[in-house]
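Here's the structure, in structure tokens; my notes come after.
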Amino acid sequence: MVERMSKACWLVAAIIFTAATVVYGQQAPCFFVFGDSMSDNGNNNNLKSEAKVNFSPYGNDFPKGPTGRFSNGRTIPDIIGELSGFKDFIPPFAEASPEQAHTGMNYASGGSGLREETSEHLGDRISIRKQLQNHKTSITKANVPAERLQQCLYMINIGSNDYINNYFMSKPYNTKRRYTPKQYAYSLIIIYRSHLKNLHRLGARKVAVFGLSQIGCTPKIMKSHSDGKICSREVNEAVKIFNKNLDDLVMDFNKKVRGAKFTYVDLFSGGDPQAFIFLGFKVGGKSCCTVNPGEELCVPNQPVCANRTEYVFWDDLHSTEATNMVVAKGSFDGIISKPYSIAQLAKE
């Protein structure tokens, strides 16, 4: 009990210190988002992929209904955009006009990872390498000034699928047989470093880099790598190694890369779904929507829980809007981000 209370501390602090967050006007000229399904807001809709959710009950609590967001409502970048003063949601790259590159685009893609082969069993997806290529194309075509890009806010949340849909999935992948958890984490960080350098070359100076959550506590992994009732320690320990290396990478960038103001967002601490119980969440180990055995996404047009603000997870992998709100506020006000809060990055 004491351990769970300590894990919930940052979440409690996030709610206390950000409940009164007030933003006066847009804090940054533009906002660019990179990542996977935790950030995707429609880029996968027209891909030949199993990793797309442009159907009900996704978007159940979103004003426009299903859009391709892997949640019942807003995502973490949606909420960070609001907290940063953006009046409109940042559009997905797949639907954005060229001129949108002056105010921001969302390049995230469900199923994407750092490794090119990650999630290939799900079909098409836009890897982080391709996302950066799309960004380069966008800002080049729109002729976005370098001075403007240096003032923009950037967010990256990538790496979960490299574990869920690669390392801890024996078929068709062999990475777990080839790498120890330490070796695998190192290999991912090498790739990550290259992409962050590339993003910096493209003008990014203010970047929020999200660590991985306790994915061993998602309903999917609890069922496949545990008894369905407790978190998978094996998975969480592997993720912890990656997060430590990523934290070190961000700090190294701030020391060695000219003009860089990168911040690390710690999604792991306090990530045990049971810790959310102390915040009023009542269900932390199962999905809010109907999920068929052996699958992870909601069954189309099937019943969902009525008390969605009490659930940590929307489906067997992705969080509810209520959970996203807690995480977004915590990262924005610096409760779970270091050495800068996202608010600081947006304003400076």
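Given K87/K347; K261/K347; K171/K244; K240/K286, which pairs have Cα atoms separated by over 19 Å?
Violating the 19 Å Cα-Cα cut-off are K171/K244; K240/K286.
Can you give the accessible area of T309 in Å² (nearest 10), computed on protein heavy atoms with a 1.4 Å probe?
100 Å²
Quick check on the chain: helices-only [θ] at 222 nm, where DSSP H runs of length 4 and up contribute -39,500 (n - 2.57) each and the sum goes over total residues. Nearest 500, please.
-10000 deg cm²/dmol
Counting other Cβ atoms within 10 Å, keep those with at most 14, restrict to DSSP loop, and tell me which GluC sites (Glu not before Pro) in the range 210-296 are left.
When the GluC sites (Glu not before Pro) of the range 210-296 are filtered for loop state and at most 14 Cβ neighbours within 10 Å, E295 remain.
Considering the values (1) 80, 60, 27; (2) 62, 46, 42; (3) 53, 47, 41, which represents Cα extents along the principal axes in Å as calculated for the structure under consideration?
(3)
Residue-wise, which Karplus ³J(HN,Hα) couplings in Hz belong to the range 87-102, taking 6.51 cos²θ - 1.76 cosθ + 1.60, θ = phi - 60°, and x for glycine or proline?
Along the range 87-102, the couplings run 6, 10, 5, 5, x, x, 3, 5, 10, 7, 7, x, 5, 4, 4, 7 Hz.
With point charges of +1 on the Cβ of Lys and Arg and -1 on the Cβ of Asp and Glu, referenced to the Cα centre of the chain, which listed residue (F89, I191, Y167) lies farthest in the positive direction of the dipole?
Of the listed residues, the answer is I191.
Ordered by residue, what ³J(HN,Hα) values in Hz, to whole numbers, does the range 126-141 give under the Karplus form 6.51 cos²θ - 1.76 cosθ + 1.60, where θ = phi - 60° and Gly and Pro are x?
10, 5, 4, 4, 5, 4, 5, 5, 4, 5, 4, 4, 5, 6, 6, 4
What list of ³J(HN,Hα) couplings, whole Hz, do you get for the range 328-338 from phi and the Karplus terms 6.51, -1.76, 1.60, once you set θ to phi - 60° and write x for glycine and proline?
Karplus values, whole Hz, x for Gly and Pro: 4, 5, x, 6, 5, 8, x, 5, 10, 10, 8.
Name the residue from P77, F278, H135 whose Cα lies farthest towards the positive end of the charge dipole of the range 31-347, charges +1 on Cβ of Lys and Arg and -1 on Cβ of Asp and Glu.
Value computed over the given set: H135.
For the chain, give the magnitude of the charge dipole about the Cα centre (Cβ charges: +1 Lys/Arg, -1 Asp/Glu; no others), in debye to the nearest 20.
Rounded to the nearest 20 debye, it is 940 debye.
How much of the accessible area of the range 31-347, in percent, comes from carbon and sulfur atoms when a 1.4 Å probe is used?
With neighbouring chains kept in place, the figure for the range 31-347 is 50 percent.
Considering the options A238, M105, T309, tell which one lies farthest towards the positive end of the dipole of the chain, charges being +1 on Lys and Arg and -1 on Asp and Glu at the Cβ, about the Cα centre.
Toward the positive end, the furthest listed residue is A238.
The values are calculated or read from the model by the stated rules, or taken from the named source; none is laboratory data. What you see is a predicted model, and the numbers here were worked out from it, not measured in a lab. Virtual Cβ from ideal backbone geometry, glycine too; neighbours counted across all protein chains shown. Side chains are part of the model used for accessible areas, which takes the heavy atoms of the whole protein and leaves out ligands, DNA and RNA. Shrake-Rupley method; radii C 1.70, N 1.55, O 1.52, S 1.80 Å.
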